[in-house]
Structures are given as C-alpha cells and as structure tokens.
Number of protein chains: 2
Amino acid sequence: MSDAIFSRLAIVGIGLIGSSIARAARQNGLVDEIAIADLSPVILERAEELGLGDSYHASAGDAAESADLVIACVPVGAAEAVAKAIAPHLKPGAIVSDVGSVKGSVVRQMRPHLPDNVQFIPAHPVAGTEYSGPDAGFAELFVNRWSILCPDEATDVRALDRLVAFWAGMGANVECMSAERHDLVLAITSHLPHLIAYNIVGTAADLEKVTESEVMKFSAGGFRDFTRIAASDPTMWRDVFLHNRDAVLEVLGRFQEDLFALQRQIRWGEGDKLYDLFTRTRTIRRGILTLGQDAPEADFGRAHRPVPKAPSE
Amino acid sequence: MSDAIFSRLAIVGIGLIGSSIARAARQNGLVDEIAIADLSPVILERAEELGLGDSYHASAGDAAESADLVIACVPVGAAEAVAKAIAPHLKPGAIVSDVGSVKGSVVRQMRPHLPDNVQFIPAHPVAGTEYSGPDAGFAELFVNRWSILCPDEATDVRALDRLVAFWAGMGANVECMSAERHDLVLAITSHLPHLIAYNIVGTAADLEKVTESEVMKFSAGGFRDFTRIAASDPTMWRDVFLHNRDAVLEVLGRFQEDLFALQRQIRWGEGDKLYDLFTRTRTIRRGILTLGQDAPEADFGRAHRPVPKAPSE
C-alpha cells in the first residue's frame, strides 16, 4: 500500500513546469505512476532519458487513459486541443487540471469538451524560471510559492481537497479564487512585468545611438534584471497576452497613466514627488521579503565572481 | 616602500559605493592611507566602528587635505557642495574624481570650483545593490563590472593611467567615453530600468481592485524582480532623474512609443509580432551572459528554500 494521493498521474506537456511536477510528485511520493505525453518526439525522448515518468506517450489521450489526475502543462493557446484529445479517454471521477498563467480562457477552452463525470479544477503555480524544457525543471520549484486553484460552485469538495494536498505535498502554498480574479491579479504581478521587460529590451536593442554591445556591457546598472524575464519562453508568453487581453490592457492603461505623470515630474523637476514615490516603493519590497517571496541577499544573492566565465567558451 | 598607487585616498561620503571602495582599496593594497568624510555623524561613527579608514572627518575639506586622490561618493545633487568644500584644501597634482550615475551634470557642478593645478576625472562604476549605507558595501562589488571614466582633452595622461590602475586594481574593467555619451548610454541601461521599476511598483500599490497583500504573495510571477531595483536609495535616484533629464526623457519617449505599439498588437491579437519580439529579446540576454554581466543560473540563482524565513521574525 502506498501513501500516494493519486494512483496514476498524467502530465500532458513535459516542459519546465510539467517536468518539475513529475520530479516533485515522484520525490514526495504523491503518486504511484506517472504517464507523460508530449507532442514533440524529441522532448518526449528526452523526458524518457531523464527518467521523469513510468510511461511515455505521443498521444495525450493514451497518457490520460485510466489516470486519476491529468494536468495539462502546455501554453494556454493549446488548452482546447488538450481537452479534446483527452476527453474520450478520461475515466469517471478523474480530476483534470492545468498550470496555465491565464485561467478564464482555459476554462472557456476546456470545459465544453470535458465529460460531466470528471472534476475540472484549473490551477496555476506562480513559479518558474527563464529556462524552458524538460531539463530545466526541478523538484523544489514550487516550494514556498503560491499555487492558485480556481474551483467553482460545481466542484466536488473531496476532489478539491485532494488537489490541494497534491500541491501542498510539493511544498506549495495553496489559495483558491475565481478565474476572473486570478486573471486580474496575475495581470499586475506577472503579465505586465513581463510585457514591460520585453518592451524595454526591445527598445534598447532598437536604439540607433547606443550599440547593443554597450547595452550589454553596462547592463549591471539595472537593465540586466529585465533581460532575465525577457528571456522567457516566447510561445508561452505570446499566448498569455492573447488570452488575457482585457486584464492586461486594463493594468497597462494604469501603468501608462502613472508613467506619464512621472515623465512630467521629471520634465518639471518635481523632486519631492519623485522622492515620495521612490520611498513608497520600498515598503512593497519589504513586504515581499517578509513573506519569503524573494531572497533578502543583496542583488538577489548573485555571485560576484573574481574570474568571468563565458558560457559559450 | 609600498606598491600603493596613491598614498592618501580621501572618500567623501561613505555609503554603499564609498565603503566598497574603502574595502577594495585596502584589501588590494592600492592606497597607504584612507581618510573618510561624511556629513552624517551617525554614518561617520559607523564607518569608524567598521574600521573602514584611517581617519574620520566631519569636513570634506579636512579629509581632502594632502590627499592624492579624492573621490566624491555622494548623490549627484551634492556634487557642487563637495567641490566647493574640498577646493581650498586640494594639494597641487591631486586627482579629483567621483562615482555619480550622471556625468554631464557633475562636470558642470564641480569643474568651475576646482583649481587648475588638480586633475578632475569624473568616473562611474556601473555596479551596486539595492542596499545603502556603510554596512552594505563589500570589496568585491566592482569585480568584473565596468567603470566608466570621462577624461577630456585637458586630462593628463599619467593621472588617467593611475586612476585606471586604481579601478583595475579593484577588479573593474575600465572604459573611457565622453560625459555626454555616458549619460545617454546609462539612460537606457540604468536610469530607464529604474524609472520603469519604480513606476510599476507604484502602479501595483495604487490599484484599487488588487490588494497589496495579493501583489506581494503572487510576486514570484515576475513582479518581485522589479521591486529589488525599486528599493534603491530614493535620494540618489531622485537626483539621477533631475540631473539627467534630457537623456532620460529621450529614451523614455522611445520606450513609450514601443509600448503603445505592443499594446496595439495585444488589442488586435497580432501574435506573430509578439512572438518575434519575445524571440529577439532572448539574444540580448545571451550576450549579457556571454560577457559575464549576469549569472547564468536559473532565476538569478535564487535559493529555493524548503522553509520560509521571514527576516522580521
């Protein structure tokens, strides 16, 4: 007898998040068996080389067959295709979930295709790195990070409890909220930051008066912080902006308004107003550190290396 | 006989940068004697407790007396006051420098007050952390970071060579450029990133629909990266924006233009254009890693701690 929460876990899409779930679920004894599916034969083969699961499937439906929990770990633009593929194979009582950064769109894409006798509970672990693919995942990715679940009135409480226990078993804190609220909250804490980071890196690359070489050399003045986020997976992020359009445009409008006010303060030399904002923003940083959501070490704890190492050499 | 490059170094302002220079200069044997001045009696006393120098002075002039190298390590808005204070005390042939993030304004503020028989060579080490004060400094801060020097036609070559050797002795790479060019390059690699970071943190704090608690909890989705920079010293950064107004407004204009284009692409669902930008921005990140200007470890190498530690408890 095992203490596993689920007997068979199916992971559809074995990238950074999918492979981190596979590792964390295995390491913490949360499942008996892991079935892995991926559209890409190359990635599926790599997952097998890494020994991330017990079986490997080109078809999401085959992986979902007789699974107790199926998690779609794909860009949000692919959610509907996954729902269609797994629907005919789902066993009664199975839980279907996902890890997408947008929840309203995922619900609209998946719900209509899923049978009534399964529990559909969308989820989003707010965790990640700038790297992609099955090699990039690690078992500790979700530790002390929040995973947001979006049950609705129809969700079975026991199914919800099991999914909460699964995420908690991987070290995550769990919070439930509506898909709509999730999409607004994440628009400001994740989507807008990515948009701004992509944008400033693009602006820097396009300046005629400053060379790319100068931008890279002197990036330690602050710019480099943005380039990490702007190195995130392009497909995933394209889909986020296309699928959370309204909430992103809403917070972007606020950002623009505030930025114009700041621009005006600089133009007119209103130092007091600048100082006030720059003092206020420190409070939020302190709150994040108190919550353990970032490292208190200076400069993110980056190593200050005596000898530069170029990864390309 | 010592191998020191300078006999007496005077540091005016013993915050993050000043105290890092004190530590690095001592550790690398670059100077025989360090004289420290600070306007704040509390900070001066702390510097003495930390043993950062050989003598401690309430007056910048006293510290500068008989110094071979005087470095102003103050917010750029205080540059003129330092020049006035040290000018009557400078010995002939002394080198006067600074570490300000803006160079054109510093030249305009300091040059008129300095005697003709000293060498004035503005400098800017592109390095720092989000913490301030004499405790925040460390000897390795400048290792493998660029320090920019801004000599002009009148600069004595031997004086420049000695200052280059001093920065190289602390582990820095040195590059020379005009003050005007510096201010444009840093506007994009440092000043605009800080402005954007301050702005997005302000926007998030002011949203009525999302609570500060939610912003902090779910900050690992990207937002937290910006809060580090937005926790930087408010006085220093107020002065940067007031003193590099034109270059900041120029690159900010470009940023805004690009952001409106991106906003429009999101509104009209132009996924291909989003994908193209998000792919292009990865190249810049790779270049920064190749130059050793950031850590290749995922997520800046942040620790993924099994047990959350709240610094306030």
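A few points about this structure:
- Every residue from the range A:15-45 that is without any contact (Cβ under 8 Å) to a residue 40 or more places away in the chain and under 22 Å from residue A:78 (Cβ atoms): A:34, A:35, A:36, A:37, A:38, A:39, A:40, A:41, A:42, A:44, A:45
- Of the residues in the range A:14-30, not one is assigned to a strand (DSSP E or B), hydroxyl-bearing (Ser, Thr, Tyr), in the same structural domain as residue A:148 (by TED's automatic domain parsing) and touching a Leu at 6+ places or on another chain (Cβ under 9 Å).
- Considered as a group, the residues in the range A:266-297 that are more than 7 Å from chain B (Cβ to nearest Cβ) and among the basic types (Lys, Arg) include one that is farthest from residue B:257 (Cα to Cα), and that residue is A:286.
- Residue check, residue B:84 among the basic types (Lys, Arg), in contact with a Ser or Thr (Cβ under 6 Å, 6 or more places away or on another chain), at pLDDT 95 or above and surrounded by fewer than 24 Cβ atoms within 10 Å (Cβ to Cβ): no
- Qualifying residues in the range B:212-255 (those that are outside any helix (DSSP H, G or I) and at the interface with chain A (Cβ under 7 Å from one of its Cβ atoms)) - the one nearest to residue A:293 (Cα to Cα): B:218
- Qualifying residue in the range B:256-265 (condition: more than 7 Å from chain A (Cβ to nearest Cβ), of a type outside the set (Phe, Trp, Tyr) and over 15 Å from residue A:201 (Cα atoms)): yes
- Qualifying residue in the range B:231-248 (condition: of a type outside the set (A, V, I, L, M), crowded, with 21+ Cβ neighbours inside 10 Å and touching a strand residue (DSSP E or B) at 6+ places or on another chain (Cβ under 6 Å)): no
- Yes/no for residue B:115 being surrounded by 24 or more Cβ atoms within 10 Å (Cβ to Cβ) and either touching a residue at least 12 places away in the same chain (Cβ under 8 Å) or among the aromatic types (Phe, Trp, Tyr) (or both): no
- Residue match in the range B:166-174 (condition: away from chain A (no Cβ under 14 Å) and either farther than 27 Å from residue B:246 by Cα or out of contact with any helix residue (DSSP H, G or I) (no Cβ under 9 Å at 6 or more places or on another chain) (or both)): yes
- From the list A:154, A:168, the one residue that fits, being free of Cβ contacts under 8 Å to residues at least 40 places away in the same chain, over 30 Å from residue B:145 (Cα atoms), outside any helix (DSSP H, G or I) and in the same structural domain as residue A:34 (by TED's automatic domain parsing), is A:154.
- Any chance residue B:204 is in a helix (DSSP H, G or I), among the aliphatic types (A, V, I, L, M), surrounded by 24 or more Cβ atoms within 10 Å (Cβ to Cβ) and over 15 Å from the mean Cα position of the chain (by Cα): yes
- Residue check, residue B:196 assigned to a helix (DSSP H, G or I), farther than 24 Å from residue A:189 by Cβ and facing another protein chain (nearest Cβ under 7 Å): no
- Test result for residue A:138, touching a Gly at 6+ places or on another chain (Cβ under 6 Å) and either part of a loop (DSSP other than H, G, I, E, B) or in the same structural domain as residue A:11 (by TED's automatic domain parsing) (or both): no
- Selected residue (only one of B:25, B:63, B:35, B:67 is touching a His at 6+ places or on another chain (Cβ under 8 Å) and either closer than 16 Å to residue B:4 by Cβ or β-branched (Val, Ile, Thr) (or both)): B:35
- Scanning the range B:86-99 for residues that are in contact (Cβ under 8 Å) with a residue 60 or more places away in the chain and in contact with a helix residue (DSSP H, G or I) (Cβ under 6 Å, 6 or more places away or on another chain) yields B:86, B:95, B:99.
- Conditions (1) closer than 19 Å to residue B:187 by Cα; (2) outside any helix (DSSP H, G or I); (3) of a type in the set (A, V, I, L, M): number failed by residue A:262: (2)
- The listed residue being surrounded by 21 or more Cβ atoms within 10 Å (Cβ to Cβ) and either in contact (Cβ under 8 Å) with a residue 60 or more places away in the chain or more than 14 Å from the chain's Cα centre (by Cα) (or both), out of B:210, B:185, B:251: B:251
- Test: residue in the range B:43-62 that is closer than 20 Å to residue B:120 by Cβ and in a strand (DSSP E or B): no
- Among residues of the range A:263-299, those that are aromatic (Phe, Trp, Tyr) and in contact with a Pro (Cβ under 6 Å, 6 or more places away or on another chain), counted: 2
The values are calculated or read from the model by the stated rules, or taken from the named source; none is laboratory data. Computed from a predicted structure; not experimentally measured. Cβ: placed from backbone, ideal geometry, glycine included. Neighbour counts: every protein chain shown.
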